[in-house]
Amino acid sequence: MAPEQIFADVELDAVGLLCPLPVLKARKRLKDMQSGQVLCVLASDPAAVVDIPHFCAESGHMLLEMQDRPEATAYFIRHK
């Protein structure tokens, strides 16, 4: 059985931005989204692997998945 494909309602390109900018931009973008919508954050900052899951845990959003991609990691966040 193939893994389920996650589709994002909104994509945020934070490639090249350093901590704390990927999290700050994700927080701002999520404020404009509806409950249940999915945000995909593309981030290349090595600290994002810790920062984004921590942000989700603290804010109540759900980190659905992290996908390694050639130039960045994609973080799929479901709005609370």
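Taking every residue in the range 9-37 that is free of Cβ contacts under 8 Å to residues at least 40 places away in the same chain and closer than 21 Å to Val49 by Cα and pairing it with any residue that is assigned to a helix (DSSP H, G or I) and of a type in the set (Gly, Ala, Ser), at least 6 positions away or on another chain, the pairs with Cβ-Cβ distances below 7 Å are Leu12/Ala26; Pro22/Ala48. Might you check whether a residue that is part of a strand (DSSP E or B), touching a helix residue (DSSP H, G or I) at 6+ places or on another chain (Cβ under 7 Å) and of a type outside the set (D, E, K, R) occurs anywhere in the range 63-70? Taking every residue of the range 63-70 in turn, at least one turns out to be part of a strand (DSSP E or B), touching a helix residue (DSSP H, G or I) at 6+ places or on another chain (Cβ under 7 Å) and of a type outside the set (D, E, K, R). Considering the range 41-56 alone, what residues qualify as being of a type in the set (A, V, I, L, M, F, W, C) and either in a loop (DSSP other than H, G, I, E, B) or in contact with a helix residue (DSSP H, G or I) (Cβ under 8 Å, 6 or more places away or on another chain) (or both)? Val41, Ala43, Ala47, Ala48, Ile52, Phe55, listed by residue number.
As for the range 21-40, it holds no residue that is small (Gly, Ala, Ser), within 13 Å of the chain's Cα centre (by Cα) and assigned to a loop (DSSP other than H, G, I, E, B). Taken over the range 32-65, the criterion of being among the small types (Gly, Ala, Ser) and either crowded, with 16+ Cβ neighbours inside 10 Å or on the phi < 0 side of the Ramachandran plot (or both) is satisfied by Ser35, Ala43, Ser44, Ala47, Ala48, Ala57, Ser59.
Read the figures in this text as sums done on the coordinates, not as results from a lab. Model, not experiment: these values are computed from the prediction. No Cβ is skipped: glycine too gets one built from the backbone with ideal geometry, and neighbour counts run over all protein chains shown.
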